[in-house]
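The values are calculated or read from the model by the stated rules, or taken from the named source; none is laboratory data. Remember, it's a predicted structure, so these values are computed and weren't measured experimentally. Cβ placement follows ideal geometry from the backbone for every residue including glycine, while neighbour counts extend to all protein chains displayed.
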Amino acid sequence: MSEKQSKFHGLLFLFFFIAGIIASVWVVVRNGWWMPELASDRETIDRIFITIFIIAGILFILSELTLSYFVLRYSGSPSRKAFYLPGSTKKEILWSILPGTLVVIILEISAEFLGGASMWGRIHGEVPKDAFLVEITGEQFAWSIRYPGSDGKFGRTDPKLISYENPLGIDITDENAKDDIVFPAGQGILYLPLNHPVVFLIRSKDVIHSPYLPNFRVKQDAVPGMTTRTWFIPKKEGEFELACAELCGLGHYRMKLPVVVKPMEEVQEWLSEQTPAVDLYY
Amino acid sequence: MTIHHEQVEVAHKESFITKYIFSTDHKTIARQYLITGVIWGVIGMILSWFMRLQLAYPNQPMPFLEKILGKWAEGGILKPEFYVALITMHGTIMVFFLLTAGLSGTFSNYLIPLQIGARDMAFPVLNMLSYWVFFAASVVMLISFFVQTGPAGAGWTMYPPLSALKNAIPGADVGATLWLVSMALFIVSSLLGALNYITTTLNFRTKGMSMGRLPITVWGMFVTAILGLLSFPVLLAGAVMLIFDREFGTSFFVPSGLVLGGQPVPHEGGNPILWQHLFWFLGHPEVYIVAIPAFSLVGEILATNARKPLFAYKVSVGAIIGIGALSMIVWGHHMYVSGMNPILGEIFVITTLAISFPTAILVFNYIVTIWRGNLRFTPAMLFALGFLGLFIPGALTGAFLATAPVDIQLHDTYFVVAHFHFTMATSAAFGMFAGVYHWFPKMFGRMMNDKLGKIHFWGSFIGVYLIFFPMFFKGIAGVPRRYYSFTEYDFTSQFVGLNKFITIAALITGAVQLLFVFNFFWSMFKGPKADKNPWKSTTLEWQTDSPPPHGNWGPELPVVYRGPYEYSVPGAEDDYIPQTVPVKIETK
């Protein structure tokens, strides 16, 4: 094999990675491809993401360029002989373990100790007492919404009571159920209060769904047979989108719910204008 | 000491059927696995073309699609339920049929006996059975494309209740039953294989072949077999339970009180999350069942073509064992937002980040292996280097997904799609390509075309980056995966142009793979005859004929005197010393 041909592959590796990195940065910056605008209190997620992004980005560029450089620099020639380095002495073994250890320590620190663990605990821990409750129920291929009404408590539901008129199977004999406000699948808009803790109680009628609000950094599977929960504080007023993130059937891609964030007073006012369950089902 | 079947079968006559079809020869079985794998690879790739066409041109009639797919693309527009079936079958075929059976099945079968100096596997008949059960699994999976309701369509993860309730989606009907039956057969096949690989490695090593002298490939296949033996039975249990839920009215995975399409579901008492635990208990080790063989093939090829010993062989072997062991306790990182206990989630963050430790060591050792080497760019070497080039971004992006809070945002987005395609899909495919180019001369006694191989490499390497690298940014922007089209949401519709770009890249990259298919079959019959040891390699398989005779060696088994990677030893005449050369000669 000739010297010239060997250099070709190394040069191509190097060119590919340098050109690729420059092109990626250019395309991404030009189009503004980044995380959707943050609209909740979960800025810790963004901070950890960006930290890992910077570290992983540097490691990526360093290791790919090193690889390419080695391919170029050590391309073979019949006149040369490789350097004999089995890596069996103590010093060499240490050298082989060291970089791995460093990488892991850096990643662990950025992932866990920049608030990752405490963030995780907060999301799954105690919910603020005065939180705004809303129940989201997934079914193929739309979301039902239920607000607890003025008593702040959801009434009992029973799958046996589910009918076309009563899509969530609300037991109207339960006192707590009487003032619940229900929007059947596909007929509601999710109103959320600004700067106030919001608790999602998430359920499913048929298969697994997963309400996903990209702007709020919120995603939690809706598992049939149980109620899952997540909470956050909306920080931006405006209109947003809720998508389904868990494959739920042929309409998975269009299982959308519009989300509107407004000041608390406006949300309360709007809620007071809605018809409670007691006037709908009996 | 080791036991050998001293069966020098000179008189043993083989008919066409016992030689090429129901053969117990590990080399023939390996070739059967390889050819079946290549066929599955082509099918899986064509499925991905249909997916890409839909994503690039949603709602635009493409009349040729109706000609090919019939009722699944009436009016030239792909149906959403068929799109779901496509993603399901693409994943299943690529992960299991190509990168598990095609990769492990081929190279474990081919290399273990040859590299340890055995005449065949420990249980040749079980080995034959392993292939034919896999073949049966393939036939069942293939049949599912032709049933009325179409192939399985609930994602390759088959989460119930979607996969358990027959009217949840057309793909949950007969197609899903066939999928489960096929997978059950597949698991039986892989268990038979794994038993064989483990027993053979432990008991059939030739004289002098201590565990510390095993080539890294054998170590990789050995650890992979142990992983498979421990984790596959769990999915088998899960698959049988799901079959019972579907066909016999049990409720392992379906809870009470469900209402599907207005109709009450008669199940009660199950839990859908149970399936996720069972599935990922296999599903995550499965990633390493795919990746470790690729890693080990790459290690061998890098050392051979860098003309250098594999750097820190013992540490690398330790890293492979470490990856294997840790891979059994990280499955929960697929389930951070599943509704699983959050404390469990936090524990899986720690184990998952821990697995980056042995992985980083292995990658580092490989890079040092080529440092100050005398690199020889065969197509196999290029694919091995390409493997590293693809694995690095895959591994680094794992850090994002391992971190539970960040995973809340990235889970089930295109970030995950890009991540696993780099880490275990395309990189493992590159490992497999490297293996095929490297051992083809030994397998078929002929050389593959070098030029075509290099064009194949560059087309694939650049192509893979063009297809999957942009997907990271789609994922960061929040675009969910498994979507039939991205026209419904504001935050996804900005990528219409990018989707077209990716589709064009995928079609071209796919076409480049056909070069490989052509090269493969053409060289099998028309390639120039191969020498015994075309790459000047040290391991045992290169010291016998190409292809090796039935029984692998002449009347005498080879004897091993040294480690597997004695390249460029100072003072030695050649830049390689085969394992069979006695140590005395070196010191003369």
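Among what's in segment A:224-235 and is within 8 Å of chain B (Cβ to nearest Cβ) and in contact with a strand residue (DSSP E or B) (Cβ under 6 Å, 6 or more places away or on another chain), pick the residue that is surrounded by the most Cβ atoms within 10 Å (Cβ to Cβ). Reasoning before the result, please.
Quick first cut of segment A:224-235, residues within 8 Å of chain B (Cβ to nearest Cβ) only: A:224-226, A:228.
So of that shortlist, the ones also in contact with a strand residue (DSSP E or B) (Cβ under 6 Å, 6 or more places away or on another chain) come out as A:224, A:228.
Numbers: A:PRO224: 28, A:THR228: 19.
Ranking the qualifying residues of segment A:224-235, first place goes to A:PRO224.
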For this session: Determine whether B:ARG376 is within 9 Å of chain A (Cβ to nearest Cβ) and charged (D, E, K, R).
Result: yes
For this session: Please work out which one of (1) surrounded by fewer than 19 Cβ atoms within 10 Å (Cβ to Cβ); (2) more than 14 Å from chain A (Cβ to nearest Cβ) is the condition B:SER546 fails and give its number.
Result: (1)
Exercise. Identify, please: which residue in segment A:98-125 is hydrophobic (A, V, I, L, M, F, W, C), more than 7 Å from every other protein chain (Cβ to nearest Cβ) and closer than 12 Å to A:THR51 by Cβ and is, among those, nearest to the chain's Cα centre (by Cα)?
Worked result: A:LEU114
For this session: Return yes when B:LYS500 is of a type in the set (Lys, Arg), within 10 Å of chain A (Cβ to nearest Cβ) and more than 24 Å from the chain's Cα centre (by Cα) and no when it is not.
Result: no
Exercise. Counting residues that are modelled with pLDDT of 95 or more and closer than 30 Å to B:LEU47 by Cβ, which helices (runs of 4 or more DSSP H) fully inside segment B:470-588 reach at least 3?
Worked result: B:496-526
Problem set entry | Criterion violated by A:ILE93 - all others in (1) within 30 Å of A:ASN215 (Cβ to Cβ); (2) facing another protein chain (nearest Cβ under 9 Å) satisfied | (1)
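Yes/no matrix, rows are residues, columns are (1) assigned to a helix (DSSP H, G or I); (2) within 14 Å of another protein chain (Cβ to nearest Cβ); (3) at positive phi:
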position	(1), (2), (3)
B:LEU229	yes, no, no
B:LEU236	yes, no, no
B:ALA239	yes, no, no
B:ASP245	yes, yes, no
B:VAL254	no, yes, no
B:PHE279	yes, yes, no
B:VAL287	yes, no, no
B:VAL290	yes, no, no
Exercise. Taking helices (runs of 4 or more DSSP H) that fall entirely within segment B:53-145, which contain at least 3 residues that are hydrophobic (A, V, I, L, M, F, W, C) and within 14 Å of another protein chain (Cβ to nearest Cβ)?
Worked result: B:80-92
Exercise. Any residue in segment A:68-82 that is facing another protein chain (nearest Cβ under 7 Å) and within 39 Å of the chain's Cα centre (by Cα)?
Worked result: yes
Problem set entry | Selected residue [assigned to a helix (DSSP H, G or I), within 30 Å of B:THR538 (Cα to Cα) and small (Gly, Ala, Ser)] from B:ALA184, B:ALA225 | B:ALA225
Exercise. How many residues does segment A:186-214 contain that are outside any loop (DSSP other than H, G, I, E, B) and within 8 Å of another protein chain (Cβ to nearest Cβ)?
Worked result: 2
For this session: Check B:LYS536 against each of (1) at positive phi; (2) within 26 Å of the chain's Cα centre (by Cα) and name the one condition it does not meet.
Result: (2)
For this session: Restrict the check to segment B:306-318 and report whether at least one residue is of a type in the set (A, V, I, L, M), more than 11 Å from chain A (Cβ to nearest Cβ), closer than 28 Å to B:LEU375 by Cα and not in a loop (DSSP other than H, G, I, E, B).
Result: yes
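Against the condition surrounded by 16 or more Cβ atoms within 10 Å (Cβ to Cβ) and among the acidic types (Asp, Glu), how does A:GLU64 come out, does it pass?
yes
Table: residues versus (1) surrounded by 18 or more Cβ atoms within 10 Å (Cβ to Cβ); (2) under 15 Å from A:HIS252 (Cα atoms); (3) touching a helix residue (DSSP H, G or I) at 6+ places or on another chain (Cβ under 6 Å).
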residue: B:LEU53; (1), (2), (3): yes, no, no
residue: B:PRO63; (1), (2), (3): no, no, yes
residue: B:GLU74; (1), (2), (3): no, no, no
residue: B:ILE87; (1), (2), (3): yes, yes, no
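Filter segment B:22-39 down to the residues that are out of contact with any helix residue (DSSP H, G or I) (no Cβ under 7 Å at 6 or more places or on another chain) and assigned to a loop (DSSP other than H, G, I, E, B) and list them by number.
Of segment B:22-39, the ones out of contact with any helix residue (DSSP H, G or I) (no Cβ under 7 Å at 6 or more places or on another chain) are B:25, B:35, B:39.
Once the filter is applied, which keeps residues that are out of contact with any helix residue (DSSP H, G or I) (no Cβ under 7 Å at 6 or more places or on another chain) and assigned to a loop (DSSP other than H, G, I, E, B), segment B:22-39 yields only B:ASP25.
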For this session: Taking only segment B:450-497 into account, find how many residues are acidic (Asp, Glu) and more than 8 Å from chain A (Cβ to nearest Cβ).
Result: 1
Seminar exercise, completed: Every listed condition ((1) at the interface with chain B (Cβ under 7 Å from one of its Cβ atoms); (2) modelled with pLDDT of 85 or more) holds for A:GLY87 save (2)
